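Working notes, beginning with the structure itself.
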């Protein structure tokens, strides 16, 4: 590492002074969000403790009233218990009502306190909770009175640290841009983390074009989502806790993208999983939310298993785990490695990790459930950043994947299948967040198809534009849900605030949300010149080029079928998936923003956009969804090159140093690829697909009159029902994996205590026959034990002397 | 500082708690816990400078061969039988001793209000137990080791049998019989070694250093190894000898569970590293060609992996929280077995670090469950739920302890299990592959209990009326949290200190010291390195 860095410095020196790159306070980028976590964490502890009732100390006889073990000192309990019960029940139920994500009006709380004096107090509180349960994503409204500092400070700290971190990242980006291309790599050394023998892992950050790009996305989009969160979450009793988790997430995400080695990346990798778990289950009072968090964590761990194995294979065969050394050694030994079983296994195990984190087949099942978390979390973690970590991992390991063409084809194929599979499910969902969740799975499939086909830049490009428009869509849906919730709440209407059948015509009430979401829909559908058009076109274009034999994978084979055939298939699959994307996004926009409003006559008046914090991020992200694609306009592609603003293929050039190793592998092992002749038809096809999908949706659905969710009949049969029920994959996993593992566990448990332990007891009983006074022992007399023990010890000691 | 270079520090750490036990007993019911706390704090503070005075790899003058120890002493005890008061400290025992002394004051604090009856007996037992445990980790005379090993059982037996739950007597007797049966076989093996040595040299000795220089035939090594291994396997415990552990944990009071999981189980794995491997390296490496399988390495790896997967699954369906955590101990120690029998530096250091990390995270879980028990008098998982709303600080701590147990990066659990898997993978990739699924199973057993206790709806009225952690309880948990994070983020000071000792253990197990397979040697003595030749024997 040091050598490389010195080499980089040397190269910079050769290019002249001022061309070197010295990172500017790189640890501050990750340190600031961590600081935010610590501060907000302390605030959340303070806030939680202030909400608790006063109770007698632990060890007080009061707590013995239920204790049957020692049976003393229970006299005081009957006197104090009822009074305490009242206080406790009222205090805690208030707390719970908050943490349910439902609100406790002063009136409700008073009622709770009143009810708590009766034995059925608790149930009464629950009944009140129930009627206020509009949707999964409901949140509280302002209780009267000024907020305590524990609820005001996080609004400053949480976005503050993120924005500061973003500024530092930008400063580093500028410094890197000013450096020569060869010098755009720096390792910020930390400390020796795991030094054991030849395994030397350092805690260090790597700043290079890829990691700084990811850092900008994470801190930039992250800052906007933190700002949005203020407006969205500030009334929630768990607000400081929420902000603490969010800051912690960003810290781990930055470790993930900035880590200079696979193990350091793994720290972030598992850390973001933890935060995802905590945030999905943020409103833990409802079991479904906590279940969803658990599911995400466990499924992610299946992927992490693959990551671990890949690291072991890599270390014992390459002898290092930091990116620089790994790439250096792989390139040095590439002749013996190319296409071999070892490198293929490493690539596939890493891909297992990526598939878990990025929700690819067959491990995608946790992501739709993850929508149980607050919507800004869905935007940040489950759309823009964490779920793209798998794509980042593959791009970061481009040398490994280029050395393993078969594994690359697997990645591309899985990505393409995920893209079409999830898109088809998205066609029939009613929950606005579920549509976006399956859309995210599908778009991640596009990214994997790209990086699998060796189009790393296209994959990262789509990752970036997707972060813009999908974050915008999620935040927009959050604004919709926020408004819907407020409206439904005004009349205590129990309808679901996330069901599109209860919306309709919202463009009149939420104009900014409508416009920004509309732009993002055009972007994701692939309508030029919006961001998604360029990135998605580049991916599908890569498939067509590969099918024509212009890819290094064209000559590779998977299951005996040559790569060019596979890439043709992938091109077709992705085109169909792109059409579906345009269709379901059009459907979502139509049902949400067009047609007649179905929220209810009285409720309608309460539909409005409120806080600036909810609007500003939408506008910024909407702008980015418009212009984001222009950073990588392809030079030689017909029509596309018309959008040239002098920025042609900027991303290609920016990422070139990172991908030089991969290019070298292709040059050494595949040889020069024929220069592609860019045709116009793929572009025309892409535009037709994007516009056509939206138009089809408009033609089919805009005239359709929907009934509200409670009146709409369920899908009765056929493909609609199958799609609505997500191909029954969850049910299948439940029967094929969850239940058998649970059954086996119970069987083992019975075996353990029923058979193994029984055998042991049998020996014990045999010992009885040999005169061990078992009956005596059970008299409970300490003296007896002591006597037996001392005799035993004496026998043992005596046996020594006798020997 | 002379104190810390000599054996007196070790002698102090063994005998001071014994004196303290007497003092606590005499102090009476009211003052026992205060005295015990004072003794515990002093014991810990006195032991703490060892961390800095310990010089990795430095060898004392007393023992010139074998693994490098410091703070050594070798004095006659029962001269006639060659029994010596022989102590020494190396990078392995250093951390086991520090872990023991750290947990002592924490256990006293954890029992502060938990133990209401016969306090003086309880604290006397606890302190006496500590003395025995420290002795086990530093004794280098096999007889002395055995005495500590057995002596320590008695106070533990009392702690479970007197201050335990409803079925405390059953659990205590089971614990005692189980461990005694295993120990007796080890005692026979030790005596055999003693006779063998005495017959060969004419000088009676129980010295560890004498025994590890004694050549033995492959057959002798094999059976002696099994005798030692049984004692240690029961203590660890290794599947299928683990069924005493859930009973003992469920019935034991908090401090009993803590000391059991924190240090007592480690005596088993410590025994493997220090004695079973070093004394019988040829057998341990598993090449008794003429004895045919089961090869010991294979058996150990298989049992280790079964421990990781099987007990994790059993843990996942337990309804009693303490029982669940007890089973997870078996799973964690499966990693230790795996790491030890990888016979490389990563595996060995990983195993040692798992021993430390598990000695922090599992006691933390038991402390937390004990705190919950004091409030609700239940260990049944279904009695809880939604505690995040009523006792948020406790809940945060439980989530942290759960994540530490699962081995999330930034905790010591990750670093240690990563090292074990790394080490195992080099030697036995398939075993490592299976063992690595342990990361999934760890989430499979730990997340449901966390969810059922601290998340979900707060339904039961009893769970609303409990106070959050107080200062005393935080004083127990915060040091554990700090240590778990420190060793997860910067384990180097620990790894560097234990590296020479781990290397010594590997060197010891790499030796053959094989005697010819002919009739028992009439005159043995100096090693006969030519033993390889008999590989082709019957």
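The table below lists the values:
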quantity	calculated
Members of segment B:57-84 found to be surrounded by fewer than 18 Cβ atoms within 10 Å (Cβ to Cβ) and either assigned to a loop (DSSP other than H, G, I, E, B) or under 23 Å from the mean Cα position of the chain (by Cα) (or both), listed by number	B:57, B:58, B:61, B:64, B:65
Criterion (part of a strand (DSSP E or B) and touching a helix residue (DSSP H, G or I) at 6+ places or on another chain (Cβ under 7 Å)) met by exactly one of A:154, A:195	A:195
Boolean, residue A:290 is assigned to a helix (DSSP H, G or I) and in contact (Cβ under 8 Å) with a residue 24 or more places away in the chain	no
Residues of segment B:481-513 that turn out to be modelled with pLDDT of 80 or more and more than 24 Å from the chain's Cα centre (by Cα), as a count	1
Boolean, residue A:135 is over 21 Å from the mean Cα position of the chain (by Cα), modelled with pLDDT under 85, on the phi > 0 side of the Ramachandran plot and not in a helix (DSSP H, G or I)	no
Residue match in segment B:89-103 (condition: in contact with a helix residue (DSSP H, G or I) (Cβ under 8 Å, 6 or more places away or on another chain), surrounded by 24 or more Cβ atoms within 10 Å (Cβ to Cβ) and in a strand (DSSP E or B))	yes
Test: residue in segment B:338-359 that is at the interface with another protein chain (Cβ under 10 Å from one of its Cβ atoms), in contact (Cβ under 8 Å) with a residue 12 or more places away in the chain and under 27 Å from residue B:470 (Cβ atoms)	no
Residue match in segment A:638-652 (condition: buried (at least 22 other Cβ atoms within 10 Å of the Cβ), at negative phi and modelled with pLDDT under 85)	yes
Residue B:406, sole failed condition from (1) at the interface with chain A (Cβ under 7 Å from one of its Cβ atoms); (2) buried (at least 24 other Cβ atoms within 10 Å of the Cβ)	(1)
Unique match (being surrounded by fewer than 24 Cβ atoms within 10 Å (Cβ to Cβ) and at the interface with chain A (Cβ under 7 Å from one of its Cβ atoms)) among B:380, B:374	B:374
Residue A:622 modelled with pLDDT under 85 and in contact with a helix residue (DSSP H, G or I) (Cβ under 9 Å, 6 or more places away or on another chain)	no
Residue match in segment B:443-457 (condition: more than 7 Å from chain A (Cβ to nearest Cβ) and closer than 28 Å to residue B:300 by Cβ)	yes
Failed item, numbered, when residue A:360 is tested on (1) more than 14 Å from chain B (Cβ to nearest Cβ); (2) closer than 19 Å to residue A:451 by Cβ; (3) part of a helix (DSSP H, G or I)	(3)
Filter result (more than 8 Å from chain A (Cβ to nearest Cβ) and surrounded by fewer than 21 Cβ atoms within 10 Å (Cβ to Cβ)) within segment B:383-398	B:383
Top-ranked residue of segment A:714-761 - restricted to ones that are surrounded by 14 or more Cβ atoms within 10 Å (Cβ to Cβ) and not in a helix (DSSP H, G or I), ranked as farthest from the other protein chains (Cβ to nearest Cβ)	A:715
Residue in segment B:208-217 that is within 24 Å of residue B:266 (Cβ to Cβ) and within 12 Å of chain A (Cβ to nearest Cβ) present	no
Residue list for segment B:73-98, filter: free of Cβ contacts under 8 Å to residues at least 40 places away in the same chain and closer than 20 Å to residue B:56 by Cα	none
Residues of segment A:249-261 that turn out to be within 11 Å of chain B (Cβ to nearest Cβ) and in a helix (DSSP H, G or I), as a count	4
Residue match in segment A:671-690 (condition: closer than 30 Å to residue A:597 by Cα and assigned to a loop (DSSP other than H, G, I, E, B))	no
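One line per residue, one yes/no per condition, for (1) touching a strand residue (DSSP E or B) at 6+ places or on another chain (Cβ under 8 Å); (2) buried (at least 24 other Cβ atoms within 10 Å of the Cβ); (3) facing another protein chain (nearest Cβ under 10 Å):
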| position | (1), (2), (3) |
| --- | --- |
| B:127 | no, yes, no |
| B:130 | no, yes, no |
| B:134 | no, yes, no |
| B:140 | yes, yes, no |
| B:144 | yes, no, no |
| B:153 | no, no, yes |
| B:158 | no, yes, yes |
| B:173 | no, no, yes |
| B:178 | no, no, yes |
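Here is a yes/no grid of residues against (1) facing chain B (nearest Cβ under 8 Å); (2) touching a strand residue (DSSP E or B) at 6+ places or on another chain (Cβ under 9 Å):
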position: A:244; (1), (2): no, no
position: A:285; (1), (2): yes, no
position: A:304; (1), (2): yes, no
position: A:315; (1), (2): yes, yes
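The values are calculated or read from the model by the stated rules, or taken from the named source; none is laboratory data. Predicted model, so just to flag it, every value in this text is computed and none were measured. With ideal geometry, Cβ positions are generated from the backbone for all residues, glycine too; neighbour counts draw on all protein chains shown.
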